[in-house]
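Shown next, in structure tokens, is the structure this report addresses.
The values are calculated or read from the model by the stated rules, or taken from the named source; none is laboratory data. Please read all numbers here as calculations on a predicted model, not as lab measurements. Every residue, glycine among them, receives a Cβ derived from its backbone with ideal geometry; neighbour counts consider all protein chains shown.
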């Protein structure tokens with residue numbers, strides 16, 4: 001008897017032997033699956049590990065792939081289950097403001113917390129393949145802002161999954177329920193609870209801070225920000241901040257609230273450095289926001305990575321600086337940045 005609905009692709013060999021065909025099948029979805037996993041896990045490196053596990057499980061289950069047109073939801077099902085397995089074993093990632101009260105800028109900095117507890121930035125190049133469905137409530141940039149991810153990490157696994165599937169990817173209720181192997185009523189209930197948490201932390205329902213490349217005001221602001229750093233001008237730097245701006249520096253477990261506190265911290269920081277010319281900045285983009293790779297001159301006179309600064313800009317002012325301090329070269333390599341300049 002001939003099978004009515006035979007597998008589209010049959011696993012009959014080793015991963016190495018199937019690599020060319022398997023890559024042809026899965027390569028178009030790698031970036032979007034990485035972003036999908038990143039939303040769950042809050043870490044690009046964890047997301048990359050989750051992608052590899054997803055592809056391994058997919059290869060093992062190729063017999064279950066019946067039609068070429070079903071490969072995308074099939075891969076999303078596997079990736080979602082991989083992420084749900086992982087978040088059962090790990091703590092939610094956060095930013096310092098969610099874990100600690102604002103710090104006194106005159107106090108010495110505490111030692112960094114190197115455990116995997118911090119949100120990590122995502123290069124914007126991963127977003128080019130993202131096309132939300134018609135029912136999505138969040139656009140692509142909005143759904144990877146660090147503010148959005150910080151709240152998303154507060155949700156239990158099922159709520160996190162159904163909100164991502166419904167409100168970020170724009171899947172229909174029955175599609176999300178089928179993927180999660182639950183009833184539509186259960187999926188809708190989880191979605192309502194997830195939305196309530198998201199709205200509690202952002203009452204206006206929006207995590208988006210629009211920034212367009214042709215925004216001349218923002219371009220001027222970013223140029224002034226870079227100049228202030230490279231010329232060691234803390235006063236010029238602080239003048240670009242909104243009164244209630246926030247500065248955080250993971251993995252150091254502190255954050256400063258308000259222009260005055262940030263000014264005190266930056267004056268101390270710049271006074272301990274060599275002065276103008278000790279810092280070089282290289283523009284990039286992360287999580288839908290402008291960002292700068294920061295390099296500091298070492299004893300060998302070369303400039304080495306210090307941090308990746310992600311800026312949240314609104315109304316012609318900087319309202320948040322997220323300075324991700326560099327522990328190794330992996331972060332800069334992930335952004336395609338040189339490890340010395």
Every residue from region 282-302 that is without any contact (Cβ under 8 Å) to a residue 60 or more places away in the chain and surrounded by fewer than 19 Cβ atoms within 10 Å (Cβ to Cβ): 282, 296, 297, 298, 299, 300, 301, 302
Would you call residue 163 closer than 23 Å to residue 31 by Cβ, touching a helix residue (DSSP H, G or I) at 6+ places or on another chain (Cβ under 9 Å), buried (at least 21 other Cβ atoms within 10 Å of the Cβ) and not assigned by TED's automatic domain parsing to the domain that holds residue 250? yes
Of these, 177, 147, 161, which one is outside any loop (DSSP other than H, G, I, E, B) and more than 30 Å from residue 284 (Cα to Cα)? 177
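Can you tell me how many residues within region 274-287 are within 26 Å of residue 119 (Cβ to Cβ) and out of contact with any helix residue (DSSP H, G or I) (no Cβ under 6 Å at 6 or more places or on another chain)?
The initial filter retains those residues of region 274-287 that are within 26 Å of residue 119 (Cβ to Cβ), namely 279-287.
From what's left, out of contact with any helix residue (DSSP H, G or I) (no Cβ under 6 Å at 6 or more places or on another chain): 280, 282-284, 286.
Qualifying residue count, region 274-287: 5.
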If I filter region 89-99 down to residues being modelled with pLDDT under 95 and farther than 16 Å from residue 256 by Cα, which single residue comes out as surrounded by the fewest Cβ atoms within 10 Å (Cβ to Cβ)? 89
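Would you call residue 97 in contact with a strand residue (DSSP E or B) (Cβ under 9 Å, 6 or more places away or on another chain) and not in a loop (DSSP other than H, G, I, E, B)? Even if it seems obvious, please write down each step before you answer.
Details: in contact with a strand residue (DSSP E or B) (Cβ under 9 Å, 6 or more places away or on another chain): yes; not in a loop (DSSP other than H, G, I, E, B): yes.
The answer is yes for residue 97.
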